[in-house]
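Beneath this line is the structure, given in structure tokens, with notes to follow.
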Amino acid sequence: MKPHPIPPQPGQESVWDYPRPARWEDSNKHIRVICNGVVLAETSKAKRVLETSHPPVYYVPPEDVKLEYLIVTPRKSVCEWKGRSQYYDVSIGDKYLQNATWQYYDPTPDFIAIQEHFAFYPNLMDACYVNDELVTPQPGNFYGGWITADIVGPFKGEPGTMWW
């Protein structure tokens, strides 16, 4: 299936205008991640990674994450553009979420800026917010994009998008 990009309206971005390979940029938007009633991460110093067909993924600096709730896992992955990443489980009270967040411990030279920042799967959290707007998780179990009203698709992860 060939994608048919939705034309962005004023104040919106199309994921089809994002680059490939991916790139990062600073974001001063207020980012908040809530898990089991706890604000797990909160910052206005995030980085966002943009890639064609994907909603942005926000990376939170470690000083703005409650690290005491994270447990390193054996899971690692490699992205040809971003580098090598490490996954973490999140354990808060009676809630235990496997591989719910990740960080690039060995980024490529172009992604040094996101080294050790944490990205969260919004579909696993109670809620994620960008400037107080509740995020819709990117479809699919593999992707960690954050969809807000100012982002239009269609998005990779929806049915029939595997080979985009």
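Looking at the chain alone, DSSP beta bridges between its own residues are antiparallel in about 90 percent of cases. Cα-based values for the chain, radius of gyration first and Dmax second, are 15.2, 44 Å. As a proxy for reagent exposure, His54, His4 were ordered by neighbouring Cβ count within 10 angstrom, fewest first; the result is His4, His54.
Lys and Arg at +1, Asp and Glu at -1: add these up for the other residues within a Cβ distance under 14 Å of Tyr69 and post the number.
Working: positive: Lys66, Lys95; negative: Glu42, Asp64, Glu68, Asp89, Asp94, Asp126.
Overall, the nearby charge balance is -4.
Taking the chain as the region of interest, the number of lysine pairs whose Cα atoms are within less than 23 Å, with members eight or more places apart or on different chains, is 16.
Post the alpha-carbon centroid distance, segment 93-164 to segment 1-64, in whole angstrom. Cα centres, segment 93-164 to segment 1-64: 8 Å.
Taking 0.36 nm per residue of separation and subtracting the Cα-Cα distance, full extension of the segment from Thr108 to His4 would add 34.3 nm.
Each reported figure results from applying straightforward, stated rules to the coordinates on display, with no laboratory input. What you see is a predicted model; the values in this text were computed from it and never measured. A quick note on method: Cβ atoms are made from the backbone with ideal geometry, for glycine too, and the neighbour counts reach across all protein chains shown.
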